[in-house]
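Right, one structure below, let's go through it.
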Amino acid sequence: MIGNGVVGILSESTNKWERRVPLTPSHCARLLHSGKGEIGVTRIIVQPSTKRIHHDALYEDVGCEISDDLSECGLILGIKQPKMEMILPDRAYAFFSHTHKVQKENMPLLDKILAERASLFDYELIVGDNGKRLLAFGKFAGRAGLIDFLRGLGQRYLNLGFSTPFLSLGASYMYTSLAAAKAAVISVGEEIATFGLPSGICPLLFVFTGSGNDQFWFSLAEILPMAKDSQSARTSKRVFQVYGCVVTPQDMVEPKDPTKPFDKADYYAHPEHYSPIFHEKIAPYASVIVNCMYWEKRFPRLLTTKQLQELMRKGCPLVGISDITCDIGGSIEFVNQSASIDSPFFRYDPFTDSYNQDTDGNGLICLAVDILPTEFAKEV
């Protein structure tokens, strides 16, 4: 056990929408009462909060103390960056600090941690023996982000003159459970299957990056011929399919040496030996890019601003980006800002290189929200 056996839980202060918790009441009960103290946790002090998804009384019911004062805690847990005054000397902290990529907006926080000789356990850097992250928002962030994007997609298409079933979707935070959100999406799918989509926006192709379960999607080899055929032969006024595919690193880059085959391990070790191809092979047929992949500066970007500008000049059907990673200025270069749950979109016009906080006008709609609606993860 790190520290003195007293654990603190922060009241989140970074964003009004941050209602998540590092430990649920059931987690606290297990820590306090399982194993007769073998775990090493003797007390848990929870800062009071009136917006947290789990009410203070639920923590009290399992033996936690409610107090603003965490000075007795050796280990203090949170979700996002705490207020500066909550960084106490010689304590251990665990939260998403957003500092390991040298994000300049969070450097004062890191300076404060160093000055107070505190220890920081950043969730993003906790990995298992295989090098994979052990703590991440994963599927819940993806589901919430995609639902929010589908809602915005309906608004975007309406601005372009097309009515679609996506207009009936609410924002993800409006659903009381993941099951309710799924039911709403299924209803949209059934309406598309029954009444179709306007041919003017079809084929509607969603391209997903990042690891995931692709059993629900076509393979890339299957999907691109469909998309090409549909673009060249729009004979029906309504189209009854929405296409989706997951792309892998092999679909994004190729070896600079044409005599060498793609090797995933070699790419991860030596990305400088590879050239980007996503903008040539995949992006020209995509309506929506849902970006879920991890990226570092040493890798080629998935899509640069210059590549996007060239694509749009050639008539690319891309209408939006759902950047689940919310990696500002990362693998998608022109996603250079984040948004909020209540206003999740901004619009980027590649022809003027300008940004607007709406979905009406020229360019792409972009979603990059760094907060997860709590109702989805509450069911775990």
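The values are calculated or read from the model by the stated rules, or taken from the named source; none is laboratory data. Everything numeric in this text was worked out from a predicted model, so none of it was measured. Glycine also receives a Cβ, built like all others from the backbone with ideal geometry; neighbour counts cover every protein chain displayed. Ligands, DNA and RNA are excluded from the accessible area calculation, which covers all protein heavy atoms including side chains. Shrake-Rupley method; radii C 1.70, N 1.55, O 1.52, S 1.80 Å.
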For residues in region 18-46 being part of a loop (DSSP other than H, G, I, E, B) and farther than 28 Å from Y175 by Cβ, which is modelled with the lowest pLDDT? E38
Considering only residues that are open to solvent by 40 Å² or more (accessible area, probe 1.4 Å) and assigned to a helix (DSSP H, G or I), look in region 125-145 and name the one that is farthest from S97 (Cα to Cα). R143
Return the residues of region 267-284 that are in contact with a helix residue (DSSP H, G or I) (Cβ under 8 Å, 6 or more places away or on another chain) and either open to solvent by less than 50 Å² (accessible area, probe 1.4 Å) or among the hydrophobic types (A, V, I, L, M, F, W, C) (or both); say none if nothing qualifies. Y267, Y274, P276, I277, F278, H279, I282, A283, P284
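Identify all residues within region 235-262 that are in a loop (DSSP other than H, G, I, E, B) and open to solvent by 70 Å² or more (accessible area, probe 1.4 Å); write none if there are none. Please lay out each step first, then the result.
Taking region 235-262 first, the residues in a loop (DSSP other than H, G, I, E, B) are 235-237, 240-241, 248, 256-262.
Passing the criteria: T235, K237, F240, Q241, K256, P258, T259, K260, P261.
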Which residue is modelled with the lowest pLDDT, if the candidates are limited to region 349-380 and must be open to solvent by 20 Å² or more (accessible area, probe 1.4 Å), among the aliphatic types (A, V, I, L, M) and not in a strand (DSSP E or B)? V380
Complete set of residues in region 151-179 that are aliphatic (A, V, I, L, M) and either farther than 13 Å from S287 by Cβ or in contact with a Phe, Trp or Tyr (Cβ under 9 Å, 6 or more places away or on another chain) (or both): L153, L158, L167, L169, A171, M174, L178, A179
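For region 283-338, give me each residue that is in a loop (DSSP other than H, G, I, E, B) and among the hydroxyl-bearing types (S, T, Y).
First, pick out the residues of region 283-338 that are in a loop (DSSP other than H, G, I, E, B): 286-287, 292-302, 304, 314-319, 324-331, 333-338.
Listed by number, the residues that qualify are S287, Y294, T304, T325, S331, S338.
Looking at this structure, is P82 surrounded by 14 or more Cβ atoms within 10 Å (Cβ to Cβ) and outside any helix (DSSP H, G or I)?
Details: surrounded by 14 or more Cβ atoms within 10 Å (Cβ to Cβ): yes; outside any helix (DSSP H, G or I): yes.
Spelling it out, P82 is indeed surrounded by 14 or more Cβ atoms within 10 Å (Cβ to Cβ) and outside any helix (DSSP H, G or I).
Of the residues R313, R298, only one is within 25 Å of K132 (Cβ to Cβ), open to solvent by 30 Å² or more (accessible area, probe 1.4 Å) and at pLDDT 90 or above; which? It would help to see each step written out before you state the result.
Details: R313 fails: within 25 Å of K132 (Cβ to Cβ).
Step by step, each of R313, R298 is checked, and only R298 is within 25 Å of K132 (Cβ to Cβ), open to solvent by 30 Å² or more (accessible area, probe 1.4 Å) and at pLDDT 90 or above.
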Give region 316-326 a look and list any residue that's out of contact with any strand residue (DSSP E or B) (no Cβ under 8 Å at 6 or more places or on another chain) and buried (at least 21 other Cβ atoms within 10 Å of the Cβ), or say none. none
Name the pairs: first residue in region 53-70 and under 22 Å from K83 (Cα atoms), second residue open to solvent by 30 Å² or more (accessible area, probe 1.4 Å) and among the aliphatic types (A, V, I, L, M), Cβ to Cβ under 8 Å, at least 6 apart or on different chains? D56/I66; L70/M86; L70/L88
Can you tell me how many residues in region 1-17 are in a loop (DSSP other than H, G, I, E, B), modelled with pLDDT of 85 or more and within 12 Å of T42 (Cα to Cα)? 2
Name the residue that is most open to solvent (accessible area, probe 1.4 Å), counting only residues in region 191-210 that are over 14 Å from L150 (Cβ atoms) and part of a helix (DSSP H, G or I). F195
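Residue-by-condition table, conditions (1) out of contact with any helix residue (DSSP H, G or I) (no Cβ under 8 Å at 6 or more places or on another chain); (2) free of Cβ contacts under 8 Å to residues at least 24 places away in the same chain; (3) open to solvent by less than 60 Å² (accessible area, probe 1.4 Å):
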site	(1), (2), (3)
Y93	no, no, yes
S97	no, no, yes
H100	no, no, no
K104	yes, yes, no
M107	yes, yes, yes
D111	yes, yes, no
R151	no, yes, no
Can you name the residue in region 327-348 that is surrounded by fewer than 19 Cβ atoms within 10 Å (Cβ to Cβ) and over 22 Å from N159 (Cβ atoms) and is also modelled with the highest pLDDT among such residues? E333
